[in-house]
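The values are calculated or read from the model by the stated rules, or taken from the named source; none is laboratory data. Model, not experiment: these values are computed from the prediction. Here Cβ is always computed from backbone atoms with ideal geometry, including for glycine, and neighbour counts include all displayed protein chains.
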Amino acid sequence: MTLERESVLHSWCVQAEWNAPTVAGGEGAFFWDEQGRRYLDMSSLAECANLGHQHPAVVRAIREQAERLCFVTAAWGAEPRARLAERLLEKSGFEGGRVFFTLGGADANEHAVKFARQAGLKPRGWVLTRDRSYHGASYAAMALSGDARVSHQVDAADFHVDHVPPPYAYRCPFGSASDAECAERSARHVGQAIDARGGDEVAAVLMEPDAGTNGIVAPDGYWPRLREETASRGVYLIADEVMSGFGRCGEWFAWQRHGEAGRPDLMTLAKGLTGAHLPLGAVVLSREVASRLEHERLETGLTYCGHPLSCAAGLAAVQAYEDDGLVERSRALGARMRAELEAMQGRVPVIGDVRGGHGLFAVVELVKDRATREPVSAWAQTHPSMEALVRRGRVGGVSFAVRGNLVLLAPPLVIREGDLLGALTLLERLLATLEWS
Ligand code: PLP
């Protein structure tokens with residue numbers, strides 16, 4: 001058999017350096033390789049396997065749907081598609097709204113922008129997103145992203161995208177002294193950026209309501225203030241819930257932590273939508289936005305949008321989150337994880353900041369010096385000891401995700417508490433013994 005290393009182009013890596021074990025199976029928070037080595041998955045792979053690996057109810061639903069009907073296009077109805085749309089509208093409280101199904105997160109964000117522009121009668125309207133954000137790797141999604149890894153590939157202005165500074169309270173771009181001040185100044189700046197373009201020229205603000213793989217967690221007051229800034233200017237607010245949705249941040253959708261004060265006009269979903277059992281994304285539109293499109297032609301769509309197999313997986317996934325109480329579980333274990341990490345911070349000097357923990361998503365930011373907050377490596381370079389941490393983690397049976405000077409902790413919501421605490425103990429040992437200068 002040809003080695004995968006020699007035949008496949010892999011994403012986000014140097015081809016010659018790719019040398020990963022082949023995964024042969026998984027169950028719950030664990031997966032294992034061909035040699036039978038088991039790994040506790042502390043990142044839900046790409047923060048997507050929220051239900052754990054091979055959730056039996058989702059696997060069963062896929063099998064049953066495959067036997068009934070694998071595929072019809074959007075020109076025809078498909079029962080799991082309709083039922084999943086209904087569940088998403090119910091869970092988000094978007095009564096009277098509509099759902100557009102996509103293949104994943106990037107095209108969900110692209111479509112959300114298309115719908116916001118069309119509904120707002122601003123066909124080329126500007127979209128505001130944040131520096132250091134990640135919204136996907138298709139061309140328009142790269143333009144939406146403020147991601148240094150891809151910024152040379154695309155000129156955001158060509159796509160009518162403006163980037164604004166993120167509410168990064170630990171290193172506030174506005175020099176704030178507290179989380180609350182950073183939230184206020186960052187949100188106010190978005191309003192000013194809309195005014196600088198002119199409200200009639202800006203179609204939408206697209207941002208993550210809580211956390212992202214950039215490791216920035218919006219301080220508490222930010223999202224509701226953003227809602228005020230956008231609503232008062234007639235600009236749609238799009239919540240990118242691709243990573244933060246489906247319990248990851250302790251709610252079905254992260255904006256719900258703020259109640260009605262946080263309700264966006266549109267939101268985008270993927271990842272946890274099927275718990276990564278099959279590819280699927282979605283744009284959920286409010287009644288107001290959907291009604292503006294009701295008699296308009298939508299000149300868009302991809303062959304596999306609303307694929308019945310993926311929708312059946314999504315439907316079973318939503319049911320599994322509900323039946324297994326995973327949103328509440330994530331909230332409780334997330335708080336526990338955060339408390340453990342804060343205690344660890346007291347013992348391990350390289351930990352500069354601990355963020356998140358609204359659900360099972362937390363960020364550990366590593367610094368050379370707590371007083372100066374100098375990162376162990378300049379963003380977004382990866383310190384060699386970070387790579388060692390990943391290697392040694394695997395040897396210890398734990399799969400950790402790192403990015404730049406951050407360790408991102410996002411295990412499946414089904415993880416056993418004992419396994420979680422065991423992984424944190426290993427993390428502490430690695431952070432305390434690796435060389436960070
Ligand atoms: N938006 C956010 C917040 C993400 O974290 C990601 C993926 O990591 C995406 C969008 C892109 O999703 P996909 O990889 O399914 O295109």
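Being crowded, with 24+ Cβ neighbours inside 10 Å and at negative phi narrows it down to one of G306, G275, G314, so name that one. Can you show your working first?
Values: G306 fails: at negative phi; G275 fails: at negative phi.
Result: G314 is the single residue among G306, G275, G314 that is crowded, with 24+ Cβ neighbours inside 10 Å and at negative phi.
Pick from V395, V363: which is of a type outside the set (D, E) and surrounded by 14 or more Cβ atoms within 10 Å (Cβ to Cβ)?
V363
If a residue has to be at positive phi and in a helix (DSSP H, G or I) to count, how many in segment 246-263 make the cut? Before you say what the answer is, go through the steps one by one.
Let us first name the residues in segment 246-263 that are at positive phi, namely 246-247, 250, 259.
From what's left, in a helix (DSSP H, G or I): 259.
So the answer is 1.
Can you tell me which of V354, V398, V364 is under 12 Å from L431 (Cα atoms) and within 24 Å of the chain's Cα centre (by Cα)?
Result of the check over V354, V398, V364: V364.
Determine which single condition V414 fails, assuming it passes every other condition in (1) under 20 Å from G359 (Cα atoms); (2) assigned to a helix (DSSP H, G or I).
Going through (1) under 20 Å from G359 (Cα atoms); (2) assigned to a helix (DSSP H, G or I) one by one, V414 breaks only (2).
Could you check segment 230-262 and list, in sequence order, the residues that are more than 16 Å from the ligand (Cβ to nearest atom), closer than 20 Å to G215 by Cβ and either small (G, A, S) or without any contact (Cβ under 8 Å) to a residue 24 or more places away in the chain (or both)?
Answer for segment 230-262, where residues must be more than 16 Å from the ligand (Cβ to nearest atom), closer than 20 Å to G215 by Cβ and either small (G, A, S) or without any contact (Cβ under 8 Å) to a residue 24 or more places away in the chain (or both): just G250.
Taking only pairs six or more apart or across chains, which ones have beta-carbon atoms under 9 Å, a first residue in segment 180-198 that is under 14 Å from R130 (Cα atoms) and assigned by TED's automatic domain parsing to the domain that holds P219, and a second residue that is of a type in the set (K, R) and in a helix (DSSP H, G or I)?
Final answer for the pair search is A183/R225; S186/R225; A187/R225; A187/R227; R188/R225; V190/R225; G191/R225.
For M337, work out the one condition from (1) within 13 Å of the ligand (Cβ to nearest atom); (2) buried (at least 17 other Cβ atoms within 10 Å of the Cβ) it doesn't fulfil.
Checking M337 against (1) within 13 Å of the ligand (Cβ to nearest atom); (2) buried (at least 17 other Cβ atoms within 10 Å of the Cβ), the one that fails is (1).
Is there any pair with a first residue in segment 42-60 that is at negative phi and touching a residue at least 40 places away in the same chain (Cβ under 8 Å) and a second that is aromatic (F, W, Y) and within 16 Å of the ligand (Cβ to nearest atom) whose Cβ atoms are under 6 Å apart and which are 6 or more apart or on different chains, and what are they?
N50/F246
Give me the helices (runs of 4 or more DSSP H) completely within segment 9-123, filtered to those with at least 3 residues that are farther than 19 Å from G393 by Cβ, ordered by residue number.
Of the helices (runs of 4 or more DSSP H) lying wholly inside segment 9-123, those with at least 3 residues that are farther than 19 Å from G393 by Cβ span 56-68, 79-92, 105-119.
Hey, any hits in segment 119-137 for a residue that's near the ligand (Cβ under 10 Å from one of its atoms) and in contact with a His (Cβ under 6 Å, 6 or more places away or on another chain)? Don't jump to the end; show me each part of the working.
Quick first cut of segment 119-137, residues near the ligand (Cβ under 10 Å from one of its atoms) only: 133-137.
From what is left, the residues that are in contact with a His (Cβ under 6 Å, 6 or more places away or on another chain) are none.
No, that holds for no residue.
Determine which single condition H189 fails, assuming it passes every other condition in (1) farther than 23 Å from K114 by Cα; (2) within 16 Å of the ligand (Cβ to nearest atom); (3) assigned to a helix (DSSP H, G or I).
Going through (1) farther than 23 Å from K114 by Cα; (2) within 16 Å of the ligand (Cβ to nearest atom); (3) assigned to a helix (DSSP H, G or I) one by one, H189 breaks only (2).
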